[in-house]
Amino acid sequence: MKRFLWVLLFSVLLGSLAFASPLLEDLRQIKSFEYKVTTPEGSFFYGASIERQGSNYQLTTWGKQLLPAGDEITLDDVFSTSYGNWFMLFLNPMFNAAMEMIDMDNPQTLSYFGMQVKYEGQERVNQWTGSKFTLYTGSEPAISWVINDDIQMSIKTTMHEENLVMELVSFQK
């Protein structure tokens, strides 16, 4: 299943290259963030902290997962906690291009390249509330994002067909 998730990630990133325009390019103003990622196989956490040290910045990233107590812990388990590429799903260039076209004060359905981005109201994710937008391909939802204007990152991303959900659990500016 991990191979499927990597293939899925790679496919999303390749499909997004046509829209390469990041919404949040410089993360230096962020102190830290952590996301919970829920997959059909279970959950893991991915986070990062950014700290100024003299004339440099120290970037620390981490991955955490819970493993059943009765299972072996293998090298695959140890090295699969390096989930840095998952972060690209949060700042997906396709999402950024769509968000640049949306008027957050007056959201409405947008259509481009045979796809639609629909505003679907407000949603609460942990301690934040944001605007929910869903990308539809045909009549089926593909990806949904919940956006909080103050954070400039998705506070929740759902990949519907894959049953994959990523939620922000902590954030410090």
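Its Cα gyration tensor gives segment 125-173 an equivalent ellipsoid. The semi-axes, each the square root of 5 times an eigenvalue, are 22, 11, 7 Å from largest down. Rounded to the nearest whole Hz, the Karplus-based 3J(HN,Hα) values (6.51 cos²θ - 1.76 cosθ + 1.60, θ = phi - 60°) of segment 153-167 follow the sequence 9, 5, 8, 7, 10, 10, 9, 4, 5, 8, 6, 10, 10, 10, 10, with x at glycine and proline.
Simple spin-label estimate for Asp71 and Leu27 gives 2.6 nm between the two label positions (7 Å along the Cα-to-Cβ direction from each Cα).
Ordered by the count of other Cβ atoms within 10 Å of each Cβ, fewest first, Leu168, Leu27 give Leu27, Leu168.
Readers should treat all values here as calculations from the given coordinates under stated rules, not as data from a laboratory. Since this is a predicted model, take the numbers as computed values, not measurements. With ideal geometry, Cβ positions are generated from the backbone for all residues, glycine too; neighbour counts draw on all protein chains shown.
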